[in-house]
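First the structure, in the form of structure tokens, and then the observations on it.
The values are calculated or read from the model by the stated rules, or taken from the named source; none is laboratory data. Values in this document were obtained by computation on a predicted structure and should not be read as measured data. Cβ atoms come from the backbone with ideal geometry, glycine included; neighbour counts cover every protein chain shown. The protein model used for the area step is the full one, side chains on, heavy atoms only, and it has no ligands, DNA or RNA in it. Shrake-Rupley method; radii C 1.70, N 1.55, O 1.52, S 1.80 Å.
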Amino acid sequence: MTSKISLYAAAAATMLSIPAMADARNMRAAGSSTVYPFAKAVAERVARANPKLGAPIVESVGTGAGFKLFCGGVGERFPDISNASRRMKASEAKSCAANGVKEVTEIQIGIDGIAFATARSTALAGLTTRDIYAALAKTPFGKANKAKTWKDVNAKLPAIPIRVYGPPPTSGTRDALTELILTAGCETSAGMKAMAKTNKDKHKAICTTVREDGPFIEAGENDNLIVQKLAANPNTLGIFGYSFLEENQSKLKGIAINGVQPTYETISSFRYPGARPLYIYVKNAHVRAIPAIRAFVAEITKESAIGPNGYMRSHGLVAAPAPVRARSQQAARTLTPVKFAGLK
């Protein structure tokens, strides 16, 4: 009998026999904590509609960690799908290719916003990207960060100690923080914006390195734990996907950024500075061996899932524009591989 350990050889992963397919494990997806609640709901629907395929397994490990597992190779040990709150990086695509994962389909499933939130009783109500950068960067504008309170970074803000619970480096939310918020705040300086063209490495270090002296606290991938900490500790801030803010409106309030509140409408229009697209990545070499993959991909791209009135909304995510959804549905049908060379 075919051993599960040798379910498929990398060189012939798409040529598996029917017996091997029947002996295959359940579909497995790993990655973003932001995508997790929606992906879990999709998995439950797939399991109910296709009981013979087995229930898809969805794991919340963070976007970066999910890509690391996904790109580890072809075979039973490696996930079939990577859930991501950002696009795959060129370095991750290189790792995939080096490990034999050469055909991967990219599908955008919606939009999210990286939200800053606090207890409803906290006096802080709005920040700019420059405020956040000056508070959280290790060396804002090239100088050591000595700010202790929000008033230290902006005289118009209250003298509340800077204490922010945020995501670890493996999280797509951390990438969104550095790329959408910190870099934007850094580049309010004309000199820093010019540096992006003259010295990219120095620009990246100054604009995206987060301070490690106490005000920023890495809180892991458990966003629900951050919510609990904020509710119990007024005047602290948390950073997580918009879905967690929407689910906890009775306990928390969102912090406006550049005068724009994180809402469904501002995120869907990308007016909110922290809006970001969400993705899943499919390992094409596993598709024939794990029939549940196609069922999962078909379900997660249905209009009833990702449309404006889709059940994705009940998990705090935001529908992408109609042309984007159409491309996603086409990608789900054809599983056309993304061009690794086009990733940054």
Checking Thr208, Thr236, Thr301 in turn, the sole residue that is hydroxyl-bearing (Ser, Thr, Tyr) and under 18 Å from Ser171 (Cβ atoms) turns out to be Thr208
Give me the residue from the range 100-112 that is assigned to a strand (DSSP E or B) and open to solvent by less than 10 Å² (accessible area, probe 1.4 Å) and, out of that set, nearest to Arg174 (Cα to Cα). Asp112
Condition met for Asn224 (open to solvent by 40 Å² or more (accessible area, probe 1.4 Å) and either free of Cβ contacts under 8 Å to residues at least 24 places away in the same chain or within 25 Å of Ala65 (Cα to Cα) (or both)): yes
A careful count of residues in the range 56-72 that are open to solvent by 50 Å² or more (accessible area, probe 1.4 Å) and over 19 Å from Ser85 (Cβ atoms) gives 1
Residues being open to solvent by 50 Å² or more (accessible area, probe 1.4 Å), in contact with a strand residue (DSSP E or B) (Cβ under 8 Å, 6 or more places away or on another chain) and without any contact (Cβ under 8 Å) to a residue 40 or more places away in the chain - total across the range 173-206: 0
Out of all the residues in the range 146-197, which are closer than 30 Å to Ala30 by Cα and touching a Cys at 6+ places or on another chain (Cβ under 7 Å)? Leu182, Thr183
Close pairs (7 angstrom Cβ cut-off, 6 or more residues apart or separate chains): closer than 17 Å to Ile81 by Cβ in the range 316-344, part of a loop (DSSP other than H, G, I, E, B) and open to solvent by 50 Å² or more (accessible area, probe 1.4 Å) anywhere: Pro337/Glu103
Is one or more of the residues making up the range 128-136 in a helix (DSSP H, G or I) and surrounded by fewer than 16 Cβ atoms within 10 Å (Cβ to Cβ)? no
Has the range 63-71 got at least one residue that is without any contact (Cβ under 8 Å) to a residue 40 or more places away in the chain, under 18 Å from Glu179 (Cα atoms) and more than 13 Å from the chain's Cα centre (by Cα)? no
So, in the range 81-90, exactly how many residues are at pLDDT below 95 and either assigned to a strand (DSSP E or B) or of a type in the set (Gly, Ala, Ser) (or both)? 1
From the option list Gly259, Gly241, single residue qualifying as open to solvent by less than 40 Å² (accessible area, probe 1.4 Å) and of a type in the set (Gly, Ala, Ser) is Gly241
Can you pull out the residues in the range 105-139 that are modelled with pLDDT of 95 or more, β-branched (Val, Ile, Thr) and within 22 Å of Cys207 (Cβ to Cβ)? Thr128, Thr129, Ile132, Thr139
Can you list residue pairs whose Cβ atoms sit under 6 Å apart, with the first residue in the range 232-249 being closer than 17 Å to Leu124 by Cβ and the second being open to solvent by 10 Å² or more (accessible area, probe 1.4 Å) and assigned to a loop (DSSP other than H, G, I, E, B)? Count only pairs 6 or more apart in sequence or on different chains. Pro234/Ser121; Asn235/Ile160; Thr236/Arg163
If you go through the range 223-237 one residue at a time, how many are of a type outside the set (Val, Ile, Thr), in contact with a Phe, Trp or Tyr (Cβ under 6 Å, 6 or more places away or on another chain) and assigned to a helix (DSSP H, G or I)? 2
So in the range 277-292, with the set limited to residues that are in a strand (DSSP E or B) and open to solvent by 10 Å² or more (accessible area, probe 1.4 Å), which one is farthest from Glu76 (Cα to Cα)? Pro277
Tally up the residues in the range 138-172 that are more than 21 Å from Ala232 (Cβ to Cβ), β-branched (Val, Ile, Thr) and open to solvent by less than 20 Å² (accessible area, probe 1.4 Å), please. 0
Got a sec? Which of Ala115, Ala97, Ala93 is part of a helix (DSSP H, G or I) and crowded, with 16+ Cβ neighbours inside 10 Å? Ala93
Looking across the range 38-54 at residues that are of a type outside the set (A, V, I, L, M, F, W, C) and open to solvent by 60 Å² or more (accessible area, probe 1.4 Å), the single one that is nearest to Arg288 (Cα to Cα) is Lys52
